[in-house]
C-alpha cells in the first residue's frame with residue numbers, strides 16, 4: 001500500500017449517516033482471514049491475526065490530520081461487551097459514572113456509534129480510542145494485533161473481514177462513508193473482527209467529518225453478573241436521554257431483542273427527510289416505525305407515469321420533477337408502472353438486520369423483472385441520467401449492482 005493521504009473528502013454535510021440504537025446483534029463469527037501481501041491492509045480473522053508486511057508504524061501515518069497517539073502496549077481483559085447502550089445524544093459523564101458505580105458492572109467504554117448507508121446497505125461505524133476499544137472486540141487475535149490499532153490511530157479504517165467484498169471499497173482501498181458523491185472517504189487499513197454491533201472503526205478525529213454525535217454509546221461488561229439484571233438500573237440512569245439498552249451477551253445473541261424501541265437519527269443533506277426515526281422489531285424481518293413519524297413523514301400521492309405511490313413527503317418534489325422530465329424527453333414508455341415495486345417499505349434488508357432507505361421512504365424500485373441484482377440491467381440510461389440529475393443515486397453504479405433501485409442522496413429543489 002502506497003503511503004499517501006488517508007482520506008479524500010467532500011463536505012461532511014453530504015454524508016447520509018444514521019446514528020442508530022440497534023435492536024439486532026450483528027455477529028462476526030467464522031470470518032476467515034485473507035492473505036496479507038506487502039503493503040496490503042492488516043488482516044485479522046476470527047482465530048488468526050496477520051499484520052501486513054510494510055504496514056504503518058506508530059511513527060508513520062497516512063494522514064497527519066487524522067492521526068492520534070499510537071495505542072502502545074495492550075493491557076487488560078479482552079472480551080466483547082455484554083450490554084450496549086446508545087442513542088442520538090451524548091451520554092453525559094455523570095451518567096457514565098453512575099453506570100460504572102452499579103454493582104455488577106465491571107467496566108464501561110464510551111464510543112461514538114453511527115450508521116452509514118452505502119449502496120442501500122447500512123454499516124455500523126464507530127469512532128473510538130484504539131488504545132482502549134481494542135479490548136472490547138470479539139476476537140482476541142484482533143485485539144492483540146498492534147498493527148491493526150496503529151493503523152486506526154494513524155487515521156485509517158478497520159473493517160470486519162466479512163465485508164471485504166461487500167463494502168464497495170475502491171481499487172485504491174478507500175471506502176466512501178455515505179451515498180453522496182462528496183461524502184468523506186477513508187482508507188481501509190485493516191480487516192479485523194470488531195465489537196458487537198460494530199462493522200468498522202475509525203479514531204475519534206473523524207467524528208466531525210462524519211457528522212457523528214460524540215460519545216453517544218457505551219460498551220458495558222458485567223463479568224459474572226447476568227446482564228439482564230442490570231438492564232433496568234441502566235435504563236433508569238439513562239432515562240430522559242433517549243438512549244436505550246441492548247443485551248449483547250450470549251443469551252441475547254440467539255435472536256433479536258424485540259423488547260427495545262430503536263432510535264435512528266439521520267445526518268447529512270437529507271436529514272430533514274428522516275429526522276428522528278424510532279421503530280420496533282417485528283417478526284419476519286419487518287419493523288414498526290413510530291406512528292407519529294409515519295404520519296409526519298410518509299404520504300400517498302399521485303405522480304406522473306407511476307400513478308399512486310407512498311413515499312417520504314420530502315422526496316415528492318424531486319421525484320415528480322424527475323418523472324415530468326422523463327415525460328418531456330419522450331422516455332415515459334421506458335418506465336413500466338406495472339413493474340414498479342414500491343417506495344416506502346418498513347423492514348430490514350432481506351437476510352439481514354440492517355435498515356434500507358426504503359424504510360425511510362427514500363428509495364423506489366423500477367422495472368423490476370429486467371433489472372435484477374447483480375446484472376447490468378435493462379433500464380434506459382436516459383432515465384437513469386434524469387434521475388441522477390434530480391438527486392437520486394442509481395443502484396446500477398454499485399459494486400454489486402441493483403439496477404432497479406433509485407434512492408434519494410441529496411435534496412434538489414425544483415424551480
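The values are calculated or read from the model by the stated rules, or taken from the named source; none is laboratory data. Quick caveat: nothing in here was measured; it's all calculated off a predicted structure. Cβ: placed from backbone, ideal geometry, glycine included. Neighbour counts: every protein chain shown.
Out of all the residues in segment 92-111, which are in contact with a helix residue (DSSP H, G or I) (Cβ under 7 Å, 6 or more places away or on another chain) and under 24 Å from residue 152 (Cα atoms)?
Hits for segment 92-111 are 108, 109, 110, 111.
Hey, among the residues in segment 223-235 that are part of a helix (DSSP H, G or I) and in contact with a helix residue (DSSP H, G or I) (Cβ under 9 Å, 6 or more places away or on another chain), which one's surrounded by the fewest Cβ atoms within 10 Å (Cβ to Cβ)? I'd like the intermediate steps shown before the answer.
Initially, segment 223-235 is screened for residues part of a helix (DSSP H, G or I), giving 228-235.
With the extra rule that they be in contact with a helix residue (DSSP H, G or I) (Cβ under 9 Å, 6 or more places away or on another chain), the set shrinks to 228, 230, 233-234.
Details: 228: 14, 230: 21, 233: 16, 234: 23.
That would be 228.
Which of the residues spanning segment 253-277 are touching a strand residue (DSSP E or B) at 6+ places or on another chain (Cβ under 7 Å) and either modelled with pLDDT of 90 or more or in a helix (DSSP H, G or I) (or both)?
Result: 273, 274.
Could we say that residue 243 is under 22 Å from residue 159 (Cβ atoms) and in contact (Cβ under 8 Å) with a residue 60 or more places away in the chain here? Even if it seems obvious, please write down each step before you answer.
Working: under 22 Å from residue 159 (Cβ atoms): no; in contact (Cβ under 8 Å) with a residue 60 or more places away in the chain: yes.
Against the criterion (under 22 Å from residue 159 (Cβ atoms) and in contact (Cβ under 8 Å) with a residue 60 or more places away in the chain), residue 243 does not qualify.
Considering each residue of segment 324-341, count those that are assigned to a loop (DSSP other than H, G, I, E, B), under 13 Å from residue 366 (Cα atoms) and without any contact (Cβ under 8 Å) to a residue 40 or more places away in the chain, and give that number.
Residues flagged as assigned to a loop (DSSP other than H, G, I, E, B), under 13 Å from residue 366 (Cα atoms) and without any contact (Cβ under 8 Å) to a residue 40 or more places away in the chain within segment 324-341 amount to 2.
Do we find that residue 220 is in the same structural domain as residue 71 (by TED's automatic domain parsing), outside any loop (DSSP other than H, G, I, E, B), over 21 Å from residue 124 (Cα atoms) and in contact with a strand residue (DSSP E or B) (Cβ under 8 Å, 6 or more places away or on another chain) in this structure?
no
Could you look through segment 310-322, keep only residues that are surrounded by 17 or more Cβ atoms within 10 Å (Cβ to Cβ) and touching a helix residue (DSSP H, G or I) at 6+ places or on another chain (Cβ under 8 Å), and pick out the one that is nearest to residue 383 (Cα to Cα)?
This residue is 322.
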